[in-house]
Amino acid sequence: MSHHQNNPIKVAMIIQDYLPRLGGAEKQLAALAPLLNKHGIEIEILTRRYPGLARFEFIDGVPVYRLPIFKTKALASLIFTLTALPVIRRLHPDIIHAHGLLSPTTTAVMAKRLLGIPVVSKSLRGGILGDLERLKNNPFGHRRLKMLQKHVDMFITISKEIKDELVKNGISQERCTFIPNGVKLDRFQPVSKNDKKLLRKQLRLPDGPLVIFTGRLETEKRVDQLIQIWLQVQKRYTDAHLLILGTGSQAEKLKRTAGKGILFVGLVGDTSPYLQTADLFVLPSISEGLSNALLEALATGLPVVVTATGGTTDIVRHKISGWLIQNYSPQNLLEGILALLDNQPLRESCAHEGRSYVVENYSLINTADNLCKLYQSVLSK
C-alpha cells in the first residue's frame with residue numbers, strides 16, 4: 001500500500017503498560033510522541049486498564065485507550081486481543097507498532113490477519129528474562145512464534161543480543177532493523193562543579209561521594225545486593241551515600257534492610273537533577289533490553305558500573321566508557337564501585353567517553369527519525 005507524502009501516517013501503538021505507570025518502555029514512548037508528531041505521525045495508544053485509570057483519556061495530547069484486564073494470564077492475553085480488535089478496526093491506523101513480543105504483538109498480528117494492517121514489532125528485552133524466552137515458555141509459545149515469523153513486517157531491535165536471538169529463531173536479518181532507544185540530550189547533560197553543589201543544596205542531598213541507582217525496584221535489578229555491599233563502600237568512604245530512585249514491589253523490603261548512608265527518594269518525574277548531582281551510576285541488573293536509565297546517566301556525564309547484559313554491552317566498553325562486570329558477583333560489584341571511586345582520572349575519562357558515545361548514537365531525535373523512515377518504508381512495500 002503506498003502512502004501519500006503529505007497525509008499524516010496513523011500509527012496504533014500497542015503496549016502492555018502506559019503512563020501514569022512508569023517503566024523504561026512507557027517513558028520512551030511518551031518522550032517519542034511529540035517528536036513523531038512533528039514528523040506528521042499521529043499516534044494512538046492501546047494499553048491495559050489498571051484499577052483507578054480511565055477507559056480513555058488524552059495524555060500530552062495523545063489519545064490513550066485502556067482495555068480490560070483479567071487476572072489469569074492465559075485469559076488476560078486473549079481478552080486483551082479480543083477487546084483491542086474492535087478499537088483498532090474503529091481507529092483504522094495505517095500501521096500497528098507493537099511494543100513487546102507477547103500480547104501486544106499477538107494482538108497486532110491478529111489485526112493484520114483480519115484487517116490487513118501492516119505490523120512492526122519491537123522486542124523490549126533479550127536474555128533469560130527476555131521477550132523471546134517468555135514467549136517460548138508460554139502455552140502455544142511455538143505456535144505464536146511461527147505466527148510472528150510469518151506475519152510481522154519488520155522487527156525493531158534495540159540491542160545486538162535481541163537481533164541475534166531473533167535470527168537464531170528463524171527471523172531473517174532483512175526483517176530486523178536496529179532502532180535503539182534514545183535519550184533527550186537537551187535534558188540529560190552534565191553540569192559544572194558549582195551547579196552540582198547548588199543542586200545538592202536544593203535537593204537537600206549530603207556532601208561526599210554520591211552513588212546513584214535509578215530504575216524499578218524489582219528482583220532482577222539486584223538492588224538488594226547493592227545495599228548489602230554498601231557497608232563495605234562506607235568503610236573506605238565514610239561520607240559516601242547511595243541514592244535510590246524508583247519504586248516497585250521490592251521497595252518496602254529494601255528499605256527495611258538498608259543501613260545508614262542509603263537514601264530512598266521514591267518515584268521522581270524528572271531524574272535529571274538527581275543524576276547531575278551524583279558522582280557514579282550503578283546498574284547491577286540480571287537482564288536488560290536497552291536501559292533508558294543507563295542512557296540518561298551516560299548522557300549526564302556520569303561514570304557507570306554495570307553488568308554485561310543486553311544492550312549494555314553495545315554501549316559500555318570496560319574501563320573505556322565505564323566499568324563492565326562480566327561475571328557478576330556482589331564482590332565484583334563492590335570492586336567496580338571502589339575502582340571508580342578510587343580513581344578520579346579513570347572516572348573522568350569513562351564519563352567523557354560514555355557521554356560522547358551516547359550523544360553520537362543514542363539521541364531521541366535519531367530514534368524518532370529512524371522510526372519515521374521505517375513506517376514509510378513498510379507502507380511503500
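The values are calculated or read from the model by the stated rules, or taken from the named source; none is laboratory data. Values in this document were obtained by computation on a predicted structure and should not be read as measured data. With ideal geometry, Cβ positions are generated from the backbone for all residues, glycine too; neighbour counts draw on all protein chains shown. SASA here: full protein model, heavy atoms, side chains in, ligands and nucleic acids out. Shrake-Rupley method; radii C 1.70, N 1.55, O 1.52, S 1.80 Å.
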Per the filter on region 135-183, residues closer than 17 Å to Val120 by Cβ, in a loop (DSSP other than H, G, I, E, B) and not hydroxyl-bearing (Ser, Thr, Tyr) are Val152, Asp153, Ile158, Ile171, Ile179, Pro180, Asn181, Gly182
How many residues are open to solvent by less than 10 Å² (accessible area, probe 1.4 Å), polar (S, T, N, Q) and over 24 Å from Gln326 (Cβ atoms) when one looks only at region 273-299?
1
Residue among Thr300, Thr271, Thr307 that alone is among the β-branched types (Val, Ile, Thr), out of contact with any strand residue (DSSP E or B) (no Cβ under 6 Å at 6 or more places or on another chain) and farther than 16 Å from Pro180 by Cα
Thr300
Return yes or no: is Arg355 touching a residue at least 40 places away in the same chain (Cβ under 8 Å), over 28 Å from Gln232 (Cβ atoms), out of contact with any Cys (no Cβ under 7 Å at 6 or more places or on another chain) and in a helix (DSSP H, G or I)?
yes
Counting residues that are more than 24 Å from the chain's Cα centre (by Cα), which strands (runs of 3 or more DSSP E) fully inside region 1-114 reach at least 1?
9-15, 56-59
Residue pairs meeting the criteria (Cβ under 8 Å; at least 6 apart or on separate chains; first without any contact (Cβ under 8 Å) to a residue 12 or more places away in the chain, in region 26-48; second hydroxyl-bearing (Ser, Thr, Tyr))
Glu26/Tyr18
Under the condition of being of a type in the set (Phe, Trp, Tyr) and open to solvent by 10 Å² or more (accessible area, probe 1.4 Å), which residue from region 138-185 is modelled with the highest pLDDT?
Phe178
Among Lys260, Lys255, Lys197, the single one that is out of contact with any Asp or Glu (no Cβ under 9 Å at 6 or more places or on another chain) and not in a loop (DSSP other than H, G, I, E, B) is Lys255
